[in-house]
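The values are calculated or read from the model by the stated rules, or taken from the named source; none is laboratory data. Because the structure is a prediction, the values reported are computed rather than measured. We place every Cβ from the backbone using ideal geometry, glycine too, and count neighbours over all the protein chains shown. When the accessible area is computed, the model is the full protein with side chains, heavy atoms only, and any ligands, DNA or RNA have been set aside. Shrake-Rupley method; radii C 1.70, N 1.55, O 1.52, S 1.80 Å.
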Amino acid sequence: PTGLSRGESRWVRQRASVAREVAEEHEYQVWKAVALVLHGVALTGLERHEEGLAQTAQGITLYEGLKTPPVFWPVLLALRATALALGGRPGDALDVMDRAIGMTTGDDILSPAFTVLKGDLLLMNSNLDGAETSYRRALDVAEKLGARMSELEAATKLTRLQRDSGKQPDGVNRLRDIYHTFTEGLESPNLTQARAVLEEVAR
């Protein structure tokens with residue numbers, strides 16, 4: 001999420017706008033809150049930082065005031081952390097991400113993706129050892145849960161971090177094995193990045 005491209009941000013903004021219109025028309029307050037947070041993240045990805053962060057905060061406040069089971073809390077907090085990171089506040093983002101992770105368990109399907117995001121935030125805060133630990137943890141949890149895309153992302157980021165740090169990338173064989181389990185969607189962003197890292201390490 002912290003690497004949300006401008007193209008992806010535009011797409012998310014468009015979809016979030018439609019979702020918000022429908023939610024407001026039918027008075028679905030939960031979905032309005034979700035749409036506000038998503039729209040805010042997209043705006044920060046388009047470098048409209050102040051506006052985007054304000055919208056994510058508005059969505060969080062709306063959701064917090066609803067009398068509904070807080071099933072979306074971890075996801076909304078992770079999105080808020082993404083917006084803060086995109087808005088140039090990685091330290092604040094890390095605090096929010098820790099709250100989101102604290103609401104999940106080790107066998108939660110969200111756990112590996114959240115742990116990868118924490119690794120990204122630690123890296124943005126120049127904590128290379130912490131980032132490596134997070135990527136390793138995400139890799140192990142994703143493998144246990146059979147979450148192949150999160151496993152691929154964690155292995156890709158771990159290998160890239162080790163290479164950039166001048167270390168022997170001991171995760172490269174694992175990355176290669178995971179990559180070769182995919183037989184379709186090979187031009188998707190995660191698979192493209194994994195292939196690029198494999199090629200770079202091979203050189």
* For the chain, alpha-carbon Rg and Dmax in angstrom -> 17.5, 56
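Going through segment 5-95, which trypsin sites (Lys or Arg not before Pro) have at most 14 other Cβ atoms within 10 Å and a DSSP loop state?
Details: sites: R6, R10, R13, R15, R20, K32, R48, K67, R80; in loops: R48, K67.
The qualifying sites are K67.
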* Structure fact -> SASA check, D98, accessible area w/ 1.4 Å probe, all protein chains in place, rounded to nearest 10 Å², comes out at 70 Å²
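Can you pull out the chymotrypsin sites (Phe, Trp or Tyr not before Pro) in segment 1-74 whose DSSP state is coil and whose Cβ has at most 13 other Cβ atoms within 10 Å? Can you show the working numbers first?
Details: sites: W11, Y28, W31, Y63, F72; in loops: Y28, F72.
For chymotrypsin sites (Phe, Trp or Tyr not before Pro) across segment 1-74 that sit outside H, G, I, E and B with at most 13 neighbouring Cβ atoms in 10 Å, the list is empty.
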* For segment 63-104, would you read off the P(r) tail past 17 Å as a percentage of all alpha carbon pairs? => 32 percent
* **Radius of gyration, Dmax [segment 154-196; alpha carbons; angstrom]** => 10.5, 32
* **Rounded to 10°, Cα long-axis angle of helix 128-145 versus longest principal axis of the chain** => 80 degrees
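Taking the Cβ of L76 as the center, what net charge do the other residues with Cβ under 13 Å away carry, scoring Lys and Arg +1 and Asp and Glu -1? Kindly include the intermediate steps, with their values, before the conclusion.
Working: positive: K32, R80, R99; negative: E64.
Surrounding charge for L76 is +2.
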* Asked: Which angle between 0 and 90 degrees, to the nearest 10, do you get for helix 6-26 versus the longest principal axis of the chain when only C-alpha atoms count?
  -> 30 degrees
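Say the cut-off is 31 Å between C-alpha atoms; which of K67/K118; K32/K118; K32/K144 go over it? Mind showing how you got there, number by number?
Numbers: K67/K118 29 Å; K32/K118 26 Å; K32/K144 34 Å.
Distance filter (> 31 Å) returns K32/K144.
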* With the chain treated as a Gaussian network of Cα nodes joined by springs under 10 Å, which of L117, L86, L66 yields the largest mean-square fluctuation? -> L66
* Structure fact -> Across 5 Å bins beginning at 0, the whole-percent shares of Cα-Cα pair distances in segment 1-93 come to 3, 17, 27, 26, 17, 8, 2, 0
* Structure fact -> Measure of exposure for I101: accessible area at 1.4 Å probe, Å² rounded to 10, is 40 Å²
* For K167, go through the aspartates and glutamates and keep the ones whose alpha-carbon is under 16 Å away, minus same-chain ones fewer than eight residues off. => D129, E132, E200
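Taking the inverse of the average 1/r across all pairs of different Cα atoms in segment 99-203, what Kirkwood radius in Å do you get? Mind showing how you got there, number by number?
Values: mean 1/r = 0.0730 Å⁻¹.
It works out to 13.7 Å.
Could you order the peptides 88-96, 187-195 from most to least packed, using the average number of other C-beta atoms within 10 Å per residue? Kindly include the intermediate steps, with their values, before the conclusion.
Working: 88-96: 17.9, 187-195: 14.9.
My ranking of the peptides, most packed first, is 88-96, 187-195.
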* **Rounded to 10°, Cα long-axis angle of helix 111-124 versus longest principal axis of the chain** => 80 degrees
